[in-house]
Amino acid sequence: MKKSKRFWLFILLAVVIYSVVQLLITTGVFGSYYSNTLILMAINIILAVSLHLVIGITGQFSIGHAGFLAVGAYISAIITMKLELPFIIGIIAAGIIATLAGLVVGIPTLRLRGDYLAIATLGFAEIIRIIFLNIDYVGGAAGMQVSHYTTWTYAFVCLVITIIVITNFTNSRHGRACISIRENEVASDAMGINTTFYKVAAFAIGAFFAGVAGALYAHNFYIIQPVNFGFLKSFDILIFVVLGGLGSLSGSVIAAILLTLVSTYLQGFPETRMIIYSLVLILVMLYRPQGLLGTREITDFLPFKKARKGVAQHVK
Amino acid sequence: MEWIQQLVNGISLGSIYALIALGYTMVYGIIKLINFAHGDVFMVGSFVGFYSIVGLGLDFFTALVLAMIFCAIFGVLIERIAYKRLRNATRIAALITAIGVSLLIENGFIFTWGPQPKAFPDIIANGTFEILGAKISIKSILILSISITLMVILQFIVHKTKIGKAMRAVSHDNEAARLMGINVDNTISATFAIGSALAGAAGVIFGLYYTKIDPLMGIIPGIKAFVAAVLGGIGIIPGAMVGGLVLGVIETFVNASGFSLWRDAAAFVILILILIFRPNGIFGKNTREKV
């Protein structure tokens, strides 16, 4: 009862945010610059939350997320530009094909642990990028022309769906299995959890939403090129998750919002932006290695939540 | 005799990878950290070589030694400032710090000295001579002999000196080495110094070979050298050498057989195959994780 109440509160909040922003856009208070920043923010949040499921919840250190972003971007661009189907089909297909890519990458590599997994996913992302670089159908290094279809509505609906799916997954039995893998893989294996299954599942779900983000990303610009999906993009996404706090969904969201604002503001000075980025990254790791929020959620700081938590424990 | 020529090219390239891979493998062996900033130390070495030849007018070998000394100090500074606090932190925190340091060096460098590539001076006479009908440049031979000399010196340091013994002890068991009275911090710093010096040397000979250097040149060779280290079995010094040479030769042959655009992918395909079928590398022993 209480859980569903919280869910509807979240939906209400989402609807309010959406309508206020949509109103501001239609009345022309927000120009294209601001609405573009908001769309970019939504895309970054989707990416951050999808990687949060893999790194923060399941504890699998994947640093090749840009590869799935690339798959999503190219697949949806092919569907809308070459096959001339509607954008919504592009988004769905992008997600599905990225999931398949996630399975192809995940099934062999998730046997690896820690650093080895990190480097293998990095390698896979780079291979995906080089494949796109060598396919003339999608324009090779010159890239591919894409129409601008992404609107605030598309971006926001995808964002809300992502957050709902990932929160529900995390709070489900499967999500708890994933958390147990994060805490201790050997022990959870010994407790009878099918670790391979859950690792691959989390990876595939993460890849699906990265693909959706890729579709939005591609149609937010007029051109996509393999250069956009290199190591740096993967590290960008990684930074959202790490800075927000490994294991905290709201942390990833907050970090994605903050860093999108900072990087939009510093767009004219790319080196300065990267210097600030890297300094922040190093300082956070040195002095607060658990990230801004640690593993806590923003709702944990609200007063009414604490009281309810105590009651809930008694009831259980 | 086209293929002999390609083989020599591949070995020259491979010996550059091997020199960088040695630094990776030593650092990984001792503190289990993938030092992403290592490729950037290589870049810095290259630029120190460039400025000491062009700016100070030094000859090639003095420039090489200067770059090695500078990089050794630079590597120790990185370790002391960024990694020392994280000795007991999670592996992910350390890895992310390394990524941060790498981005900071690259962008700090671009911010200060600009992003333009520089033409490395052609300081060695570009002669060639023929063996079995293959044209082999003097540069290739020089690069190969410098690499072999440095690797022999490294083997000597690791196996015959006190600091080498300490390094092996710390990489075997950090805590036990500390109990035996080894200064673990100094040993780790020495490892960083030696590894970075080798990367610096690799940077200078890379400049000599490719004649063009730029602030982002460290990224791709850095990752490939890491692949070489994994290929040979990370943490094993002869493994890094063999891995580097194998990778260089494979890459040159992929390039020569008309797949030049796939050259970078070759390294990653090898990496993934190795990780899937033999994650401990060519020389590695199979170990099971203990609870």
* Structure fact -> The farthest towards the positive end of the charge dipole of the protein assembly as shown, of the residues A:7, B:24, B:181, given +1 on Cβ of Lys and Arg and -1 on Cβ of Asp and Glu, is A:7
* Taking chain A as a Gaussian network, Cα atoms linked when under 10 Å apart, which of A:290, A:267, A:225 shows the biggest mean-square fluctuation? -> A:267
* Taking each pair of different alpha-carbon atoms in segment B:128-266 once, compute 1/r for the pair, average those values, and report the inverse of that mean as the Kirkwood hydrodynamic radius in Å to one decimal. => 17.2 Å
* Asked: Of A:134, B:58, A:197, which is farthest on the positive side of the dipole of the protein assembly as shown, counting Cα position, with +1 on Lys and Arg Cβ, -1 on Asp and Glu Cβ, and the Cα centre as origin?
  -> A:197
* Mean Kyte-Doolittle of at least -1.0 plus a Cα span of 27 Å or more along the axis: flag which DSSP H helices in chain A meet both, please. => A:2-26, A:32-52, A:87-109, A:114-133, A:152-171, A:195-218
* Ignoring ligands, DNA and RNA and using a 1.4 Å probe, state the total buried accessible area between A and B in Å², rounded to the nearest 100. => 3700 Å²
* Structure fact -> chain A: relative contact order from alpha carbon pairs under 8 Å, six or more residues apart, as a whole percent, is 29 percent
* Obtain the radius of gyration and the Kirkwood radius of segment A:165-316 from its C-alpha atoms and give Rg over Rh. => 1.02
* Please give the calculated 222 nm ellipticity per residue for chain B, where each DSSP H segment of at least 4 residues contributes -39500 (n - 2.57) and the sum is spread over every residue; nearest 500 deg cm²/dmol? => -24000 deg cm²/dmol
* Using the eigenvalues of the Cα gyration tensor, what equivalent ellipsoid semi-axes result for segment A:1-129 when each is taken as the square root of five times the eigenvalue, whole Å, largest first? -> 31, 22, 14
* Suppose every K and R has +1 on its Cβ and every D and E has -1 on its Cβ; what is the size of the dipole of chain A about the Cα centre, in Debye to the nearest 20? -> 1300 debye
* How many Å² of accessible area per residue for segment A:164-316, probe 1.4 Å? -> 47 Å²
* Could you tell me the number of lysine pairs in chain A with C-alpha atoms less than 19 Å from each other, where the two lysines are 8 or more residues apart or belong to different chains? => 14
* At residue A:22 and residue B:173, where each label point lies 7 Å from the Cα along Cα→Cβ, what is the point-to-point distance in nanometres? -> 6.6 nm
* Name the residues of segment A:276-297, by number, that are at least 10 Å² less accessible with every protein chain in place than in the isolated chain; the surface is that of heavy atoms, probe 1.4 Å, without ligands or nucleic acids. => A:278, A:279, A:281, A:282, A:285, A:286, A:287, A:289
* Structure fact -> Across the alpha-carbon set of the protein assembly as shown, Rg over Rh with Rh taken as the Kirkwood radius works out to 0.99
* Starting from the Cα-Cα distance between residue B:278 and residue B:138, subtract it from 0.36 nm times their residue separation and give me the gain in nm to one decimal. => 46.7 nm
* Accessible area per residue in Å² at 1.4 Å probe, computed on segment B:1-117 -> 37 Å²
* Enumerate the helices in chain B for which the Kyte-Doolittle hydropathy averages 1.0 or more and the C-alpha atoms extend at least 27 Å along the helix's axis, using complete DSSP H runs. => B:2-31, B:91-113, B:138-160, B:184-210, B:237-256
* Asked: Roughly how many percent of the accessible protein surface of segment A:109-223 is carbon and sulfur, given a 1.4 Å probe and a whole-percent answer?
  -> 63 percent
* To the nearest Å, what is the center-to-center distance of segment B:1-73 and segment B:137-206, using C-alpha atoms only? -> 13 Å
* Asked: Given labels modelled 7 Å from the Cα in the Cβ direction, how far is it in nm from residue A:10 to residue B:69?
  -> 6.1 nm
* Structure fact -> Note to self: with every protein chain in place and a 1.4 Å probe, segment A:52-142 gives an accessible area per residue in Å² of 31 Å²
* chain A pair-distance distribution - Cα-Cα, 20 Å bins, rounded % -> 32, 59, 9, 0
* Relative contact order of segment B:182-291, defined on C-alpha pairs under 8 angstrom at six or more residues apart (%) -> 24 percent
* Asked: How much FRET efficiency would the formula 1/(1 + (r/R0)^6) give for residue B:148 and residue A:113, where r is the Cβ-Cβ distance and R0 is 35 Å, rounded to 0.05?
  -> 0.50
* Between residue A:186 and residue A:221, what is the FRET efficiency for a Förster distance of 45 Å, r being their Cβ-Cβ separation, to the nearest 0.05? -> 0.50
* Asked: Roughly what would the spin-label model give for residue A:88 and residue B:257, points 7 Å off Cα along C-beta, in nm?
  -> 4.9 nm
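The values are calculated or read from the model by the stated rules, or taken from the named source; none is laboratory data. Predicted model, so just to flag it, every value in this text is computed and none were measured. Positions of Cβ are backbone-derived with ideal geometry, glycine not excepted, and every protein chain shown enters the neighbour counts. The accessibility values were calculated without ligands, DNA or RNA, using every heavy atom of the protein model including side chains. Shrake-Rupley method; radii C 1.70, N 1.55, O 1.52, S 1.80 Å.
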